[in-house]
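The values are calculated or read from the model by the stated rules, or taken from the named source; none is laboratory data. Computed from a predicted model, the values in this text were never measured in an experiment. Counting neighbours? That spans all protein chains shown, and the Cβs are built from the backbone with ideal geometry, glycine included.
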Amino acid sequence: MEEEDYYVSGDSEEEEEEDYYSPDRDEESLDELENDDAVAPWNPSKTSSSKVITKESLLGAQREDLRRVMELLSVREHHARTLLIHYRWDVEKLIAVYVEKGKSCLFEAAGVTLVEILDPESSSAVMCIICMDDIPAKDVTKMDCGHSFCNNCWTEYFFVKINEGQSKRVRCMAYKCNAICDESVIRKLVNIRHPDLAQKFDRFLLESYIEDNKMVKWCPSVPHCGNAIRVENDEYCEVECSCGLQFCFSCLSETHSPCSCLIWELWTKKCRDESETVNWMTVHTKPCPNCHKPVEKNGGCNLVSCVCGQPFCWLCGGATGRDHTWSNIANHSCGRYKEDTEKDAERAKRDLYRYMHYHNRYKAHTDSFKQESCLKETIKEKVSSLEARDLNFRDFSWVTNGLYRLFRSRRALSYSYPFAFYMFGDELFKNEMTNGKREIKQHLFEDQQQQLESNVEKLSKFLEEPFHEYSEEQVMQIRMQVINLSVITDNLCKKMYECIENDLLGSLQFTIHTIAPYLSKGIEKAEELSVEWSTQAPYNDKCQKTADEFNDGVLEMERIQEGYLQCAF
């Protein structure tokens, strides 16, 4: 799907809900409603809750958060960075801890020490307790915590930490000291002997803004677009990058609501591994001891033969002779205890049929979604044909609006089947509901699912009709049906999500099964972040150079992309 497939703008549909359901509504109300979902890029009245961080804005986004903390706590930049890394770049959480526990507790937890340190006299010598040499004071560095060591020992220590990838929060070398070393000191000492390692250190600090920030993640596009996405409020959401990829921000897989991330992970693994088929074959077949092909028993006799000619015992799978009497199998004995395989076989068969029921419907709707995606060009041709005719009305936005509503409803309906498979099965929620309660909730959910399915199919049918060839009166009837069904399906989707969030998952208090909310206007497209930042930092040019290298591939984006899948649709 292209990025405009899911985005509409206009006034809220909820205020007009009753009009859609009214059979005797007048023409004026329809004129107001048909543009309610007018096709246009997503452009909400308030600022978008997600932002695209491009390679040009990455450094600025990081420094903007640093500036906020520096101004709030009146600290230097490296202290602000240490605090933000400790709190995973969550400025709001940092502020909350500061208000609740105070500055001292905030600093202590993050390893920030604010102590006025007097510089040693230049003429004096200091003994470094690491190398035990007397070192001139000018060659000794004292950290904020008050511990001092010779520059050579500090530098070797920093080399090790940077090469180990632990340079984002380097602790003081002193025994049991939790203070974090000043990043400017690290950069200065390392740069003297190893400039490349100093740049690597800067890349680690830049990388921290995304790698350590739960509210910022790389776009999982393949090949990688170079963008990251920052969400403002909730990490359990679905977003679209400026490259057009839609994905779940929490797990970085394709959008999958109303399935939770865990349910979607289990479902994709089950589909990929065909685990139920394997389960059924495990119970129904046994491998031939000669050619190892699966063999199914089609009679009551426990002496079976493979197509390769090898006879073997069904009970234990061991090779035997060809003779079988009432008392024994020739040249074979596997003991008196016999496993009851009938119950296992019946259970495996039942589980397989249940899986096939949900998978077939999930697959049918995903296939329909892909087929209906091709309607976009057909719809454009139909609208062009209608515009060329001399009709009493010229606005055909209801056609495109209905198509986009069909896309959103079809996709929600498709993913509702994996959700139902786990919600009402024995794998995840077996002990959370009694059988009676589960049955009642399942019937309620399936009723909503069935209503949505029925109206989605009706909407699809009307949009596939050759209405551009119909008379003006017939076109008006189609128009009324499409507008009506568009709002009905939207409201049914809302009700299904409310049922899942409040009546099903909500009643179980399962935070790990949080789902992305349903949005009538489709998945929100992230806006590009634009941040202006100060140019007064002493090493800004070096940071900018590091940012350029970082975005030119120095960080090897392939390892970040590994395991991520592009949206299937």
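Tabulated data
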| item | result |
| --- | --- |
| Hits in segment 297-313 - residues which are modelled with pLDDT of 80 or more and part of a loop (DSSP other than H, G, I, E, B) | K297, N298, C306, V307, C308, G309, Q310 |
| Residue among K270, K214, K286, K200 that is buried (at least 17 other Cβ atoms within 10 Å of the Cβ), of a type outside the set (D, E), at pLDDT below 90 and not in a helix (DSSP H, G or I) | K286 |
| Residue match in segment 500-512 (condition: hydrophobic (A, V, I, L, M, F, W, C), at pLDDT 90 or above and on the phi < 0 side of the Ramachandran plot) | yes |
| Yes/no for A110 being under 18 Å from N213 (Cβ atoms) and at pLDDT below 85 | yes |
| Residue, surrounded by the most Cβ atoms within 10 Å (Cβ to Cβ), within segment 240-259, restricted to residues that are among the small types (G, A, S) and under 21 Å from E528 (Cα atoms) | S250 |
| Any hit, segment 74-90, residues being modelled with pLDDT under 50 and surrounded by 15 or more Cβ atoms within 10 Å (Cβ to Cβ) | no |
| Helices (runs of 4 or more DSSP H) within segment 322-434 that include 1 or more residues of a type in the set (F, W, Y), within 30 Å of L519 (Cα to Cα) and modelled with pLDDT of 90 or more | 341-373, 397-423 |
